[in-house]
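Chemist: First, the structure itself, so that you have it in front of you.
The values are calculated or read from the model by the stated rules, or taken from the named source; none is laboratory data. Bear in mind the structure is a predicted one, so any value in this text is a computation, not a measurement. All Cβ positions, even for glycine, are placed from backbone atoms using ideal geometry, and neighbour counts span all protein chains on display. What goes into the accessible areas is simple: the full protein's heavy atoms, side chains included, and nothing from ligands, DNA or RNA. Shrake-Rupley method; radii C 1.70, N 1.55, O 1.52, S 1.80 Å.
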Amino acid sequence: MKKVLFVTSEAVPFIKTGGLADVTGSLPKYFDKKKYDVRIMIPKYLCIEEKLTADLENLGNFSISLGWREQYVGVFHKVVEGVTYYFIDNEYYFKRDVEQSIYGHGDDAERFVFFTNAVLKSIDKLGFYPDVININDWHTGMLPLYLKEKYAHLPKYSHIKTIYTIHNLQYQGIFSSDILGDILDIDFRHFNNGDIEYHGQINFMKAGINFADKVSTVSPSYAGEIKTAFYGNTLDGLIRANEYKLV
């Protein structure tokens with residue numbers, strides 16, 4: 001049985017700001033459960049309705065390093081329509097004002113780098129080693145790089161492949177290069193050689209496109225459109241350079 005882990009910043013029925021949540025929350029239900037063990041991992045936001053989180057099972061906690069920080073990670077669990085959901089908990093990052101969006105905070109880079117690292121370490125803590133990790137949009141774009149840099153040498157992680165799904169190329173996760181040493185904790189060569197660099201800044205989506213094993217979109221027409229200057233949002237050249245792995 002093949003194991004697939006969807007990693008996303010939002011998924012119905014728990015949290016939704018747009019079409020990303022519709023795809024990641026509904027697609028896993030339609031996998032053949034005799035052939036695939038499909039699970040989903042999202043942040044445990046404060047703004048998720050309490051009725052949806054009241055019966056979450058606490059699977060335990062651990063800590064991860066984030067630059068110079070040592071941060072708590074809690075993992076919760078719930079099965080919905082036959083699909084296992086995992087929730088990454090950290091109140092500092094995800095317990096924000098209920099009236100605010102889950103995006104648009106001054107520390108979004110740190111929040112989602114935390115989420116990405118917590119996901120990768122939780123795989124070992126849960127004992128669920130997927131064959132494929134499907135990552136979605138800029139929020140999880142750094143995951144393939146972290147997987148290859150920090151985990152691929154470990155036997156239980158060495159087989160894992162990644163597919164990066166672009167839902168909306170307009171939002172790319174562009175942040176100051178100051179986060180290189182403070183938050184990202186990766187070799188500076190990835191910035192200096194252009195892997196993640198974007199006009200002197202860091203581009204999370206660029207990292208996802210460059211380091212994922214496959215890149216996908218939600219429709220054949222969108223896959224064609226993002227290779228053009230009009231729809232490519234300045235990444236059309238990068239998309240064309242990675243066309244061999246675009247589906």
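Chemist: For Lys150, all conditions in the list (1) touching a Ser or Thr at 6+ places or on another chain (Cβ under 9 Å); (2) not in a strand (DSSP E or B); (3) not polar (S, T, N, Q) hold save one; what is the number of the exception?
Modeler: Against the list (1) touching a Ser or Thr at 6+ places or on another chain (Cβ under 9 Å); (2) not in a strand (DSSP E or B); (3) not polar (S, T, N, Q), Lys150 comes up short only on (1).
Chemist: Consider only pairs whose beta carbons are under 9 Å apart and that are at least six residues apart or on different chains; among these, list those whose first residue lies in the range 3-21 and is more than 14 Å from Thr84 (Cα to Cα) and touching a residue at least 40 places away in the same chain (Cβ under 8 Å) and whose second residue is surrounded by fewer than 20 Cβ atoms within 10 Å (Cβ to Cβ) and of a type in the set (Gly, Ala, Ser).
Modeler: Glu10/Gly18; Thr17/Ser101
Chemist: Name the pairs: first residue in the range 194-223 and surrounded by fewer than 18 Cβ atoms within 10 Å (Cβ to Cβ), second residue outside any loop (DSSP other than H, G, I, E, B) and small (Gly, Ala, Ser), Cβ to Cβ under 7 Å, at least 6 apart or on different chains?
Modeler: Pairs found: Asp195/Ala207.
Chemist: Any chance the range 133-143 includes a residue that's among the hydroxyl-bearing types (Ser, Thr, Tyr), within 12 Å of the chain's Cα centre (by Cα) and open to solvent by less than 10 Å² (accessible area, probe 1.4 Å)?
Modeler: Looking for residues that are among the hydroxyl-bearing types (Ser, Thr, Tyr), within 12 Å of the chain's Cα centre (by Cα) and open to solvent by less than 10 Å² (accessible area, probe 1.4 Å), one finds at least one in the range 133-143, hence yes.
Chemist: A further question follows. Condition first: touching an Asp or Glu at 6+ places or on another chain (Cβ under 9 Å), β-branched (Val, Ile, Thr), within 16 Å of Leu235 (Cβ to Cβ) and open to solvent by 10 Å² or more (accessible area, probe 1.4 Å). Now tell me which residues in the range 144-179 satisfy that.
Modeler: Thr165
Chemist: May I pose another question? Could you tell me how many of the residues in the range 39-60 are surrounded by fewer than 17 Cβ atoms within 10 Å (Cβ to Cβ), at pLDDT 95 or above and touching a helix residue (DSSP H, G or I) at 6+ places or on another chain (Cβ under 9 Å)?
Modeler: Here the count works out to 2.
Chemist: Which one of these is part of a helix (DSSP H, G or I) and either closer than 19 Å to Arg39 by Cα or touching a residue at least 60 places away in the same chain (Cβ under 8 Å) (or both): Asn134, Asn117, Asn58?
Modeler: Going through Asn134, Asn117, Asn58 in turn, the sole match is Asn117.
Chemist: Pick out the one residue from Lys34, Lys3 that is of a type outside the set (A, V, I, L, M, F, W, C), open to solvent by 10 Å² or more (accessible area, probe 1.4 Å) and assigned to a loop (DSSP other than H, G, I, E, B). Spell out the reasoning first.
Modeler: Working: Lys3 fails: assigned to a loop (DSSP other than H, G, I, E, B).
The unique qualifying residue is Lys34.
Chemist: For the range 66-87, name all the residues that are farther than 22 Å from Ser9 by Cβ and assigned to a strand (DSSP E or B). Walk me through it before giving the result.
Modeler: From the range 66-87, those farther than 22 Å from Ser9 by Cβ are 68, 70, 82; that's our starting set.
Once the filter is applied, which keeps residues that are farther than 22 Å from Ser9 by Cβ and assigned to a strand (DSSP E or B), the range 66-87 yields only Glu70.
Chemist: Same structure, new question: Name every residue in the range 172-214 that is hydrophobic (A, V, I, L, M, F, W, C) and not in a helix (DSSP H, G or I), in order of residue number. Explain how you work it out, then say what you get.
Modeler: Our first condition is that a residue be hydrophobic (A, V, I, L, M, F, W, C); within the range 172-214, this holds for 174-175, 179-180, 183-184, 186, 188, 191, 196, 202, 204-205, 207, 209, 211-212.
Ile174, Phe175, Ile186, Phe188, Ile196, Ile202, Ala212, listed by residue number.
Chemist: Hey, another quick one. Got a sec? Which of Ser9, Ser26 is part of a loop (DSSP other than H, G, I, E, B) and either of a type outside the set (Lys, Arg) or open to solvent by 10 Å² or more (accessible area, probe 1.4 Å) (or both)?
Modeler: From the options Ser9, Ser26, the qualifying one is Ser9.
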